[in-house]
Amino acid sequence: MTPASKKGGTSAPAKPRKPRKSGKKRSAVSSAGKPLFLVLVSLALAVTFLVLGLLLLGPQQLLPKRLAALAGELAPHTAGQTAHKHSRPAPAAKSHAGADTANGSVARSADGPPRDLPFEEHLSAREDRSRVIADGPEVRAKVERPSPNAVQSAASSADIEPVTNPREADRGPMMVVVIDDMGDHPVFAKNLTELPFPVTMAILPNRPRTRFVANLAAEHGTEIILHQPMQPGSYPRVNPGPGAVFTDMDAERIRTQLTENLAQLPNAVGINNHMGSAFTEYAAGMATVMQVLRAKGLFFLDSVTSATSAAPEAAHTAGVPLYRRAVFLDNVRNARTILGQLKTAERLALKHGRAIAIGHPYGETLEALRLWARERDPHIKLVTLKELGPES
């Protein structure tokens, strides 16, 4: 029995328990948790900034050289080409005498462009493009959306003054619109055939829809030419794509490649260069190209991606009809600016009797062509290249 029961038989009320003083323990836990929380937040921020940096600047700027190289090797450059095991070495420096390298022909991949180079890589505005006329024919230009007050004509020193032919004064001013880089865009090709004036399609070889677009053009009586890939001055950083010719190829290899490409477009009436700021300067290579064209009765349209192109002299020597681009339409992908470039081509046609404008399969370009169809100068006749006739 308890003492209380002995005295009076009643039990004294139990003393209330004092609450545990757990404040120190909780504060210890929270103070220990804060550093862990901060570490996790810091790691999350670091990973976020790293990912953003890789997206904006690329692995070459942020990662060590070895890791950046591995990242470049692992990234596929186009769908369906990740299985390529060969890459084409950078061309060796050599004279334009047409000789191959000292140790024989340079090894190159037989199954298309090198695995580690993208097809038509975009260049930033900071890249050196001194070899490229008009900052756009070699690579895709950046999409720009200028404000209405800031939109002006994109005409510049990039626009080429056509050579005036005396006979053209009697025919009146004429103009040709050429759309490059066809071969992947059958819907765009169909839209071009529905315009109320002729458009010449320059079709790339070895593309998924090369033959389909060529057949579509033939069905609608549309003039087509081969858009022949040629080595740009920025190679190997920029890849001209499958079927290209390079300055380290011997004459036989150039002839074979060009002949294979032309076989895909039996209705082609000529060719023009895709990229090619380096190859069109290569006199021996251009002489070989002209030999093939002369044998097949085709002409050459110089897109003028180099101010020192060897095409005019090579064409004159071989007796090949020569054309030259006057205006690039869509270096700036804005419909109003492209419309301004079409007006520039009109002015050149009125001044010289002829003008050739080159564009690309952009939605903005098609929009501008449709607008221009309603407001273009009716005194200028829209013709094909064959109807226009060569400069020389």
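Throughout, read-outs are computed from the coordinates displayed, never taken from laboratory work. Not measured: the values here are computed from a predicted model. Ideal geometry is used to build each Cβ from the backbone, glycine not excepted, and the neighbour counts take in all protein chains shown.
The residue that is nearest to His360 (Cα to Cα), counting only those in the range 303-318 that are surrounded by fewer than 21 Cβ atoms within 10 Å (Cβ to Cβ) and small (Gly, Ala, Ser), is Ala307.
Among the residues of the range 375-385, is there at least one that is farther than 16 Å from Pro173 by Cα, within 28 Å of the chain's Cα centre (by Cα) and touching a residue at least 60 places away in the same chain (Cβ under 8 Å)? Step through it out loud before you land on a result.
Taking the range 375-385 first, the residues farther than 16 Å from Pro173 by Cα are 375.
Now restrict to residues that are within 28 Å of the chain's Cα centre (by Cα): none.
Within the range 375-385 (the criterion being farther than 16 Å from Pro173 by Cα, within 28 Å of the chain's Cα centre (by Cα) and touching a residue at least 60 places away in the same chain (Cβ under 8 Å)), the answer is no, since none of the residues qualifies.
Quick check, is Arg237 surrounded by fewer than 16 Cβ atoms within 10 Å (Cβ to Cβ), within 22 Å of the chain's Cα centre (by Cα) and not in a loop (DSSP other than H, G, I, E, B)?
On the way: surrounded by fewer than 16 Cβ atoms within 10 Å (Cβ to Cβ): yes; within 22 Å of the chain's Cα centre (by Cα): yes; not in a loop (DSSP other than H, G, I, E, B): no.
No.
Mind listing just one residue for me: the one in the range 292-302 that is of a type outside the set (Asp, Glu) and in contact with a helix residue (DSSP H, G or I) (Cβ under 6 Å, 6 or more places away or on another chain) and, of those, nearest to His360 (Cα to Cα)? Give the steps one after another, and end with the answer.
Start the filter on the range 292-302 by keeping residues that are of a type outside the set (Asp, Glu), which leaves 292-301.
Those still in the list that are in contact with a helix residue (DSSP H, G or I) (Cβ under 6 Å, 6 or more places away or on another chain) too: 292, 294, 300.
Values: Val292: 26, Arg294: 27, Phe300: 19 Å.
My answer is Phe300.
Determine which member of the set Gly270, Gly221, Gly241 is over 21 Å from Leu388 (Cα atoms) and not acidic (Asp, Glu). Spell out how you get there, then give the answer.
Values: Gly270 fails: over 21 Å from Leu388 (Cα atoms); Gly221 fails: over 21 Å from Leu388 (Cα atoms).
Checking each option against the conditions leaves just Gly241.
Are any residues in the range 214-236 over 13 Å from Ala278 (Cα atoms) and either free of Cβ contacts under 8 Å to residues at least 24 places away in the same chain or out of contact with any strand residue (DSSP E or B) (no Cβ under 7 Å at 6 or more places or on another chain) (or both), and if so, which ones? Within the range 214-236, Asn215, Leu216, Ala218, Glu219, His220, Gly221 meet the criteria.
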